[in-house]
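Step one of this worksheet: look at the structure below.
Every number here is computed from the coordinates shown, using simple stated rules; none is lab data. Remember, it's a predicted structure, so these values are computed and weren't measured experimentally. Because the Cβ atoms are built from the backbone with ideal geometry, glycine has one as well, and the counts that use them run over all protein chains shown.
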Amino acid sequence: MKFSTRGYYELFLGYDADDKIRKMAIILAIIGFFGHLLLWVLIQNNSLNLSEENMGMFNSPLSSLYTPFSILLAYEVYQLIRTIPESFSSSVGKQYEIATLLVVRDILKRLSDIEFEEGWSIDADLGFLIVECFTFLVLFYTSLVYHKISKQIKNDNIHSEKLSSFIYSKQIIALLMLVVFLTVTFTSMSGWIESVLEGKGGVNREIFFLDFFTFLILADILILLISYWFYTDFGNLARNTGFVLSTVIIRVAISSPGISAMILFALSGIIGVAIIRLSIDNVSNFSRRRHSLTRLVDL
């Protein structure tokens, strides 16, 4: 059976494929949760011995939440790839959702590691936990506001034929990003398993996400350049450039330590909301001007 590019997109990234992968992700998340919890029980009963570095993932039953969240994050990345042909703003919105879940996963891991001394004092661990929780609230709020505003934007400045060609180009990029996703997943997992066997299997948000967001930035830049072929007004060009900037900030945040990472994550969300807010104002003004010109022509 012969497939076109659109056929391959529907096969691997269409609604039917998404439904199957979503159910698979939920099942794997549940299995991962109970599997991680079982390992914690075995370690607590001294039935299983791990290296000191690997023990960081089994300090508490709360650490078992890390595994299902990681699986759900992988599904969110798949969702991000699916949204690439829809619109630039939709895929960027998914990036903020991923950043939000990354911060939540870090919070859960920190809660399983944190140890409070007797008495009440805000030590370094508790202080950073407060910063992480505040960052989560900022990202969560900006994600909700971003999606609410982006639904109001309807770009009708591209003719239907050009729009079809633009979507076709982005479907090709989405399929390429799916290959990148699978490749980075395989290399990250194989590298992590090798580290575990050597007794060095620590976990952090750089695993997989640092490499994936590097390729995502390249994809965003390619989409930006292709989009300029179809429309050349400054508003859309500046908006998409701003979205690329926001993606770069998320990528830098992933590789940054401590409070600087939280500041960068929050900054990326704030920039995204500001850009989408300015965009809808620009679209509204353009629509009003075009409506006024249409009325003058009719007169």
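For the pair residue 228 and residue 45, the difference between a 0.36 nm per residue extended length and the Cα-Cα distance amounts to 59.7 nm. Put in order of Cβ neighbour count within 10 Å, fewest first, the listed residues 170, 94, 20 become 20, 94, 170.
Per residue, how big is the convex hull around the C-alpha atoms of the stretch 11-80? Give it to me in cubic angstrom, could you?
Dividing the Cα hull volume of the stretch 11-80 by its residue count gives 91 Å³.
In order along the stretch 241-249, the phi-based Karplus estimate (6.51 cos²θ - 1.76 cosθ + 1.60, θ = phi - 60°) of 3J(HN,Hα) comes to 5, x, 5, 4, 4, 4, 5, 4, 5 Hz; Gly and Pro are listed as x.
Ordering 183, 232, 100 from the fewest to the most neighbouring beta carbons within 10 Å gives 232, 183, 100.
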